[in-house]
Amino acid sequence: MFDSTYILPALILVIFIVALCRRVPAYSFFIEGVKDGLGLFLDVYPALLAMMCAISFLRESGLMDLFSTFFQQLGTAIPSQIWPMVIFRPISGSASLAILIDIFQTSGVDSLAGIMASIIQGSTDTTVYVITLYFSSVGIKKIKNALPIGLLADAAGIGMAILLTLYFFA
């Protein structure tokens with residue numbers, strides 16, 4: 001039987017064999033890819049760090065707990081850590097990622113809150129960010145129904161993520 005621990009080394013070996021057969025400078029392309037990845041990391045990391053600091057300040061000040069307990073009264077089966085994620089996910093990907101990391105650190109990745117937050121992160125989009133960035137980059141000034149429809153899609157994704165997580169994992 002094939003052991004799964006050999007998948008990654010086998011994949012790397014296949015890539016090198018194909019590169020040798022095609023006479024492609026694999027190492028040069030690898031180094032170039034690492035440089036591109038490092039550039040992307042340097043572009044994303046400051047925003048992620050700023051959002052993680054902001055989330056930490058909100059949590060340490062007690063404002064996040066006050067906010068969470070207010071919404072916790074609406075649905076007692078939903079973990080209180082999820083409510084900040086529900087609010088920030090349509091606005092900012094960095095903020096929601098910082099909240100997801102915070103949930104992982106405080107509750108654990110296998111907790112109900114960790115699973116629910118992961119599903120919300122994967123099944124919704126940053127609607128406000130997408131509309132502001134993409135619409136402005138192509139010169140669209142009137143968004144018409146894009147914002148309400150995008151937020152409705154986010155609400156549907158968040159609602160289904162919560163329901164399905166409670167159904168399958170609670």
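If you count only protein heavy atoms with a 1.4 Å probe, what accessible area per residue comes out for segment 1-59, rounded to a whole Å²? Don't skip to the answer; put the middle values down first.
Values: 5210 Å² over 59 residues.
For segment 1-59, the solvent-accessible area averages 88 Å² per residue.
Taking 0.36 nm per residue of separation and subtracting the Cα-Cα distance, full extension of the segment from I140 to E32 would add 35.4 nm.
Our estimate of slack between F57 and I87, defined as 0.36 nm per intervening residue step minus the Cα-Cα distance, is 9.1 nm. Each of the peptides 23-33, 87-97, 144-154 was scored by the mean count of other Cβ atoms within 10 Å over its residues; in descending order, highest first, they stand as 87-97, 144-154, 23-33.
Leaving out ligands, DNA and RNA, what percent of the accessible area of segment 5-136 is carbon and sulfur, probe 1.4 Å?
Working: 6110 of 8510 Å².
Reported share for carbon and sulfur atoms: 72 percent.
With a Förster radius of 41 Å applied to the C-beta separation of I17 and A153, the computed FRET efficiency comes to 0.40. Which of rounded, prolate, oblate describes segment 85-170, given a ≥ b ≥ c as roots of the alpha-carbon gyration tensor eigenvalues and a/c under 1.5 marking rounded, otherwise prolate only if a/b is larger than b/c? Oblate is the answer for segment 85-170, as a/c is 1.5 or above yet b/c matches or exceeds a/b. Rolling a 1.4 Å probe over the protein heavy atoms gives segment 124-170 an accessible area of 71 Å² per residue.
The values are calculated or read from the model by the stated rules, or taken from the named source; none is laboratory data. Model, not experiment: these values are computed from the prediction. Reconstructed Cβ throughout: ideal geometry from the backbone, glycine too, with neighbour counts over all protein chains shown. For accessibility, only protein heavy atoms count, side chains too; no ligands or nucleic acids. Shrake-Rupley method; radii C 1.70, N 1.55, O 1.52, S 1.80 Å.
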